[in-house]
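Every number here is computed from the coordinates shown, using simple stated rules; none is lab data. Everything quoted here is computed from the prediction, not taken from an experiment. Ideal geometry is used to build each Cβ from the backbone, glycine not excepted, and the neighbour counts take in all protein chains shown.
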Amino acid sequence: AQSVTQLGSHVSVSEGALVLLRCNYSSSVPPYLFWYVQYPNQGLQLLLKYTSAATLVKGINGFEAEFKKSETSFHLTKPSAHMSDAAEYFCAVSDRVSSASKIIFGSGTRLSIRP
Amino acid sequence: DSGVTQTPKHLITATGQRVTLRCSPRSGDLSVYWYQQSLDQGLQFLIQYYNGEERAKGNILERFSAQQFPDLHSELNLSSLELGDSALYFCASSSVIGSPLHFGNGTRLTVT
């Protein structure tokens, strides 16, 4: 069974500071990995995805994530936080082998930005 | 705009009642997923359909059922509603299995 664990339900950083949101996954088969962002009263939007082409994945809004198989991690980073980055972020894993793929989400990390 | 349409946006109903949530996937997407989001449970996968057939089931209660119609829209039926069913219900669609999901804006269900 697949799962993701997001460390830290709430992260607060100052504007301009590095953003680091942690995600560890568990999967018995090579996974697809995703990061999504949810703004208040909206659905989730895709930030970036890992599908094995490259271990460092660049996404929208300056975010990127690095797939580390040895650490089973897929942490999300952004060099300099902006006030508009305040939102909830979800890491997700999908089975790339099965034709019946459920995409499993982590519990989410709420990112707050201090002025 | 993700291209996924969910109706209604808000629904308030009483315990014991039955409701139907509707989802129109993004044009061309064959796969539809339903998720429940609540404060205490997070984002829980309920069920997935692909081109009209059920493909995967998650933590979906027996009181809940879903279907995907030939025109690819999907409905989630919730019956014998309980207070704990109050949540945001999201529909998402994708073009092929494993590709990123496109989410609707959700239906907020309040059971009183």
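Straight-line cross-link partners of A:Lys69 among the lysines, defined as a Cα under 18 Å from its Cα and at least 8 positions apart when in the same chain: A:Lys49, A:Lys58. Classified by the C-alpha gyration tensor, chain B has a prolate form. Its axis ratio a/c, with a ≥ b ≥ c, is 1.5 or above, and a/b is larger than b/c.
Highest GNM mean-square fluctuation among B:Leu30, B:Leu39, B:Leu61, for chain B modelled with Cα contacts below 10 Å: B:Leu39.
Taken residue by residue and averaged, Cβ atoms of other chains lying within 10 Å of the Cβ of A:60-72 number 0. Of the GluC sites (Glu not before Pro) found in the stretch B:19-82, those that fall in a DSSP loop while having at most 12 other beta-carbon atoms within 10 Å are B:Glu62, B:Glu82. In this structure the amide hydrogen of B:Ile47, modeled in the peptide plane, comes within under 5 Å of the amide hydrogens of B:Trp34, B:Gly58, none closer than 5 places in sequence on its chain.
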